[in-house]
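S.K.: Below are the structure tokens for one structure; questions will follow.
The values are calculated or read from the model by the stated rules, or taken from the named source; none is laboratory data. Note that the structure is a prediction, hence the values are computed from the model and not measured. Note that we place each Cβ from the backbone using ideal geometry, even for glycine, and neighbour counts take in every protein chain shown. When the accessible area is computed, the model is the full protein with side chains, heavy atoms only, and any ligands, DNA or RNA have been set aside. Shrake-Rupley method; radii C 1.70, N 1.55, O 1.52, S 1.80 Å.
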Amino acid sequence: VRGFGVEAQREDRWSMGGSSELLTGGRISSEWVEAEDFTHAYSGQVPVTKDTRLAGALFGEWLWRPGPWLVAPGLRASVYRFNVRASDTPTWWLPEPRLTVRRAVGAQWHLKGAVGRYSQMPAVDRYAQGVGNPTLPLSQAWQASGGAEWSRGVWSVDSAVYAGWMQHLVQRELALTLVSDGEQVRSEVRPEFRDVQGRAQGIELMVRNQPS
């Protein structure tokens, strides 16, 4: 896989008076990529997939700070375009609502929680001709987390419990495939990429030391 890309992003903060402000912005990126399948390179057949991958988003987030609280509801409108030559639906539009809540507890502790929808294009080698699955759609997930942060001096501890519900997750499996080169038939073990759904749960703990 080879290619290159460009990206541009802008964010602006608007004071709403008192204890609130509005964060707005946008992001756009473009990638020109190429993937080759060398499975049958010995026979001179090397399928090449060329694709222009586009991603853009507009977002807004209201930051409200009543006393020790931070409440930040937001909405992101995302658009993606990829796998233009092989996919029946190369363009995806997706609203992504998100909410973050934090509360200071004393001088050293913060409680936090977040929930939101997220999305991502599959990597080009996952849907490339020959080696990949050209029917793969946009990966999507709902994620939620909650935890606490503690800091004192140069030390800080960040902990969280999280859960995710994922759609169109790309799963790699090995499959036995019969291959013919015109003279003989043989079996080969090849990777296959499947469109699946899944869930994830876990605990994160991070300890940091930041010398001044």
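S.K.: Take each of the peptides 8-20, 121-133, average the number of other beta-carbon atoms within 10 Å over its residues, and list them starting from the highest. All intermediate terms of the calculation are to be shown ahead of the outcome.
M.R.: Numbers: 8-20: 10.3, 121-133: 19.5.
Ranking, from highest mean packing down: 121-133, 8-20.
S.K.: Another question about this same structure. Using a 1.4 angstrom probe on the protein heavy atoms only, line up V207, V33 by accessible area, largest first.
M.R.: Details: V207 90, V33 20 Å².
From most exposed to least exposed: V207, V33.
S.K.: Along the charge dipole of the chain, Cβ charges K/R +1 and D/E -1, which of A57, A107, S139 sits furthest on the positive end?
M.R.: Sorting the options by dipole projection puts first A107.
S.K.: Roll a 1.4 Å probe over the protein heavy atoms and report the accessible area of Y118 in Å², nearest 10.
M.R.: 80 Å²
S.K.: To the nearest 10 square angstrom, how much accessible area does E149 have with a 1.4 angstrom probe?
M.R.: 50 Å²
S.K.: Rounded to the nearest 20 debye, what is the charge dipole size of the chain about its Cα centre when +1 sits on each Lys and Arg Cβ and -1 on each Asp and Glu Cβ?
M.R.: Details: 23 positive and 22 negative charges, 187 e Å.
Value, rounded to 20: 900 debye.
S.K.: Two decimals, Cα atoms only, Kirkwood Rh: what is Rg/Rh over the stretch 14-159?
M.R.: Working: Rg = 21.6 Å, Rh = 18.6 Å.
Ratio of gyration radius to Kirkwood radius for the stretch 14-159: 1.16.
S.K.: Might you work out the accessible area of W92 for me, using a 1.4 Å probe with all protein chains in place, and round it to the nearest 10 Å²?
M.R.: 50 Å²
S.K.: For the full complex of protein chains and a 1.4 angstrom probe, list L23, L58 by accessible area with the highest value first. Walk me through the intermediate numbers first.
M.R.: Details: L23 20, L58 125 Å².
Largest accessible area first, the list is L58, L23.
S.K.: How much of the accessible area of the chain, probe 1.4 Å, is carbon plus sulfur, in whole percent?
M.R.: Values: 7590 of 13630 Å².
Carbon-and-sulfur percentage of accessible area, whole number: 56.
S.K.: Please report the projected area of the stretch 79-212's Cα convex hull averaged over all directions, in nm². Before the final figure, lay out each step's value.
M.R.: Values: hull surface 49.9 nm².
Mean orientational projected area (the stretch 79-212, Cα hull): 12.5 nm².
S.K.: Counting heavy atoms of the protein chains only and a 1.4 Å probe, report the per residue accessible area for the chain as a whole number of Å². Could you put the intermediate results ahead of the total?
M.R.: Values: 13630 Å² over 212 residues.
For the chain, the solvent-accessible area averages 64 Å² per residue.
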